[in-house]
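The structure appears right after this line, and notes come after that.
The values are calculated or read from the model by the stated rules, or taken from the named source; none is laboratory data. On a predicted model such as this, the values are computed, not experimentally measured, just so you know. Cβ sites come from the backbone with ideal geometry, for glycine too, and all protein chains shown count toward neighbours.
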Amino acid sequence: MKTETLVYFEFQRKEKSIKMKDTCKVYRTLYGYKNSSCYGRYRTQVSGMLDRIDGTRVAKSLFIVPNECAKEVISFLEDNKASVKSWQIIHVPEE
């Protein structure tokens, strides 16, 4: 069994006056995105932060990351004005 960190974040757009384009940048940085050019002729998948640190996306604003990388991800979200909550969880592999 290994411990990991469950991270939940949300944007308070009205209270903190965050623009929609800034929230989109955060989601793209975290989860990656599909890129196409030349009218769809070339398609590439741009990897995100969770791909690089072996994180798992549970829902749109909920993901699991290894404990070693949790501080990096949480500080990135707080720098981008997101409200963040995190919990230590014990990962039990399915049999």
The one condition Glu78 fails out of (1) of a type outside the set (A, V, I, L, M); (2) touching a residue at least 24 places away in the same chain (Cβ under 8 Å); (3) within 22 Å of Gln12 (Cβ to Cβ) is (2)
Exclusive hit being surrounded by 12 or more Cβ atoms within 10 Å (Cβ to Cβ), of a type in the set (A, V, I, L, M) and within 15 Å of Ser86 (Cα to Cα), set Val73, Val26 | Val73
Of everything in the range 7-23 that's at pLDDT 85 or above and in a helix (DSSP H, G or I), which residue is surrounded by the fewest Cβ atoms within 10 Å (Cβ to Cβ)?
-> Lys21
Pair list, Cβ < 8 Å and 6+ apart or interchain, from the range 47-60 residues that are in a helix (DSSP H, G or I) to residues that are of a type in the set (D, E, K, R) = Leu50/Arg57
Output the number of residues of the range 30-45 satisfying the condition of being in contact with a Lys or Arg (Cβ under 8 Å, 6 or more places away or on another chain) and either closer than 24 Å to Asn80 by Cα or not small (Gly, Ala, Ser) (or both).
-> 6
Quick check, is Ser61 exposed (fewer than 12 other Cβ atoms within 10 Å of the Cβ) and among the small types (Gly, Ala, Ser)?
-> no
